[in-house]
Amino acid sequence: MGLVILGGMVVTPGGVVAGGLRVDGGVLREIGPDVTAAPGDQVVDAGGCHVLPGGVDPHCHVMADPAAASQAAAMGGTTTILSFSSPEHGEGPSSALRRARDVVAGGASAVDVGLHAACYGPDELLEDEVAELVALGADALKVFLAYPELGIMASGLGLYRAMRFAARAGLRVQVHCEDGELIEALVEEAAAAGRRSLRTFAEVRPAVAEELAVARALAFAALTGADCYLPHLSTGGALEAVRALRAAAGATAGGGDAGGGRAAPTGGRVTAEACIHHVVLDEGAYGTPAGEDWLVAPPLRSASDVAAVGAALADGTVDTVGSDHSQDPTAVDLRISSSAGSCYGIAGIGARLPVLLTWGAGAGVPIERLVQLLSSGPADAFGYPSKGRLEPGSDGDVVVWDASERSVLDPVTGPDGSERSRSAGWSPYAGWELAGRVRFVCARGVPLVVEGAWVGPGDGGQLIEPSRST
Ligand SMILES: [Zn+2]
């Protein structure tokens, strides 16, 4: 007895195949026009719909409440979430990773979870601890070039060591690219001038702060040989730096790459991520009543940067699209805060897939490319070969997307969860019109969403670890 999806347009790595697929024992066994149901099979009619691999969100912070976030993710067609650990003040990355592993392994998530090891004290990082992160199944080490005010910013020495240690251990490094010292100078200046609007938050984190940090991260990666993953790139200049580096390495641009990043001149790989909010919104949002909902770092950018991000999604410069779903918003620096309690940190773990499919339909980007950005690109980037693609042997994570039916993203019943609050599930995309609807979602062959309604168990998600073979 298996799960059989019939009559759809199945988006596979080789293109769109008319027909169906079969999942047995949690694994995708068969795809194509010849798939038929056997007695006892559970049958899903996907007539007229696209059948997609479950989404893989490469960027979220959900350890405060993985249950709520994972259900919101699945409602929006995302069946694998790659979350950062959340170190406590003064806690090292391996201790935080252990705690996160225990939470996930205890059945806290509805979908599978892989873990990125956040490092909040990069200048004290030891090589032994990096090796320990690998042994604990981390798929990346994350360091920050911003946030001196939070005490987590890496110095040049810290960045160099982290990358060197990670390169030796075979662990990829994620670098939050904003120049924290420049931002601090701009905060001081804005505070002295009494500027404290929502726009001030964006003005003290300008595009050049991101571009300086990207240049630094890429230079350090080239020197150390580290594989470098650049989260939430949001400016034309940052994306151009990635393009130029790949051109120098002789790599071809284009959407066909399945390697999760392209080789840098030194042999380390560089992978570029964009986040969904930087694809669909510009800084004009900070002038609207809902502007507070869109406070995020890096901030929303100019219209020309948004256009550059869209072009980089289409042309293959960007490898993955994340949500940066955050459950622990950070208080805006009080020196420039427009109101008491103003926070940054965005939601969107459930909105990511339907909003990007909607954007892509409008922009004329082929669905195969969108699936790379949403599913196979993130899986490849972090070493999860059984995730993010529909082919025999893959995990049975499947989404049925009906592009013939428009829908509205609803904060109460829709992909992002239960209530409008700063907690997990709240969505600033509430009310957005979608060019389709998530009809059905299963994870490892277990139905989670049927006709848009939650039917699944909330605790079936497994802790996954990256393959070290690639
Ligand atoms: Zn983040």
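The values are calculated or read from the model by the stated rules, or taken from the named source; none is laboratory data. Keep in mind that what you see is a predicted model, and the values were worked out from it rather than measured. Cβ sites come from the backbone with ideal geometry, for glycine too, and all protein chains shown count toward neighbours.
Table for the structure above
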{"item": "Complete set of residues in region 136-146 that are part of a strand (DSSP E or B) and either in contact with a helix residue (DSSP H, G or I) (Cβ under 8 Å, 6 or more places away or on another chain) or modelled with pLDDT under 95 (or both)", "result": "Leu141, Val143, Phe144"}
{"item": "Where a residue in region 213-232 is more than 21 Å from Cys60 (Cβ to Cβ) and its partner, wherever it lies, is charged (D, E, K, R), with Cβ under 7 Å and at least six apart", "result": "Ala213/Glu178; Ala213/Asp179; Thr224/Arg164"}
{"item": "Qualifying residue in region 283-300 (condition: of a type outside the set (A, V, I, L, M, F, W, C), in contact with a Ser or Thr (Cβ under 9 Å, 6 or more places away or on another chain) and under 27 Å from Ile367 (Cα atoms))", "result": "no"}
{"item": "Whichever residue in region 331-345 is of a type in the set (A, V, I, L, M) and touching a strand residue (DSSP E or B) at 6+ places or on another chain (Cβ under 7 Å) and, among such residues, is surrounded by the most Cβ atoms within 10 Å (Cβ to Cβ)", "result": "Val332"}
{"item": "Any chance Asp328 is under 26 Å from Gly55 (Cα atoms), within 16 Å of the ligand (Cβ to nearest atom), charged (D, E, K, R) and surrounded by fewer than 18 Cβ atoms within 10 Å (Cβ to Cβ)", "result": "yes"}
{"item": "Residues of region 220-249 satisfying the condition of being hydroxyl-bearing (Ser, Thr, Tyr) and under 14 Å from Lys142 (Cα atoms)", "result": "Tyr229"}
{"item": "Single residue of Leu97, Leu133, Leu82 found to be assigned to a strand (DSSP E or B), of a type outside the set (Ser, Thr, Tyr) and under 22 Å from the mean Cα position of the chain (by Cα)", "result": "Leu82"}
{"item": "Criterion violated by Gly77 - all others in (1) surrounded by fewer than 22 Cβ atoms within 10 Å (Cβ to Cβ); (2) under 23 Å from the mean Cα position of the chain (by Cα); (3) on the phi > 0 side of the Ramachandran plot satisfied", "result": "(1)"}
{"item": "Looking only at region 220-254, and only at residues there that are more than 16 Å from the ligand (Cβ to nearest atom) and polar (S, T, N, Q), the one that is farthest from Gln372 (Cα to Cα)", "result": "Thr224"}
{"item": "All positions within region 356-389 that are surrounded by fewer than 23 Cβ atoms within 10 Å (Cβ to Cβ) and among the charged types (D, E, K, R)", "result": "Glu368, Arg369"}
{"item": "Wholly within region 7-52, strands (runs of 3 or more DSSP E) carrying at least 3 residues that are crowded, with 16+ Cβ neighbours inside 10 Å", "result": "15-24, 27-32"}
{"item": "Any hit, region 244-264, residues being closer than 25 Å to His325 by Cα, modelled with pLDDT under 95 and among the hydroxyl-bearing types (Ser, Thr, Tyr)", "result": "no"}
{"item": "Ala217 in contact with a Gly (Cβ under 7 Å, 6 or more places away or on another chain) and within 16 Å of the ligand (Cβ to nearest atom)", "result": "no"}
{"item": "Odd one out for Asp57, checked against (1) of a type in the set (D, E, K, R); (2) in a loop (DSSP other than H, G, I, E, B); (3) buried (at least 17 other Cβ atoms within 10 Å of the Cβ)", "result": "(2)"}
{"item": "Matching residues in region 309-324 - criterion: being among the hydrophobic types (A, V, I, L, M, F, W, C) and either within 16 Å of the ligand (Cβ to nearest atom) or surrounded by 22 or more Cβ atoms within 10 Å (Cβ to Cβ) (or both)", "result": "Val309, Ala312, Leu313, Val318, Val321"}
{"item": "Among the candidates Ala72, Ala108, Ala68, Ala96, residue that is within 16 Å of the ligand (Cβ to nearest atom), among the aliphatic types (A, V, I, L, M) and out of contact with any Cys (no Cβ under 7 Å at 6 or more places or on another chain)", "result": "Ala96"}
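Each row is one residue, and each column tells you yes or no for (1) of a type in the set (Lys, Arg); (2) outside any loop (DSSP other than H, G, I, E, B); (3) surrounded by fewer than 24 Cβ atoms within 10 Å (Cβ to Cβ).
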site	(1), (2), (3)
Glu88	no, no, yes
Asp102	no, yes, yes
Ser109	no, no, no
Gly114	no, yes, no
Glu129	no, yes, yes
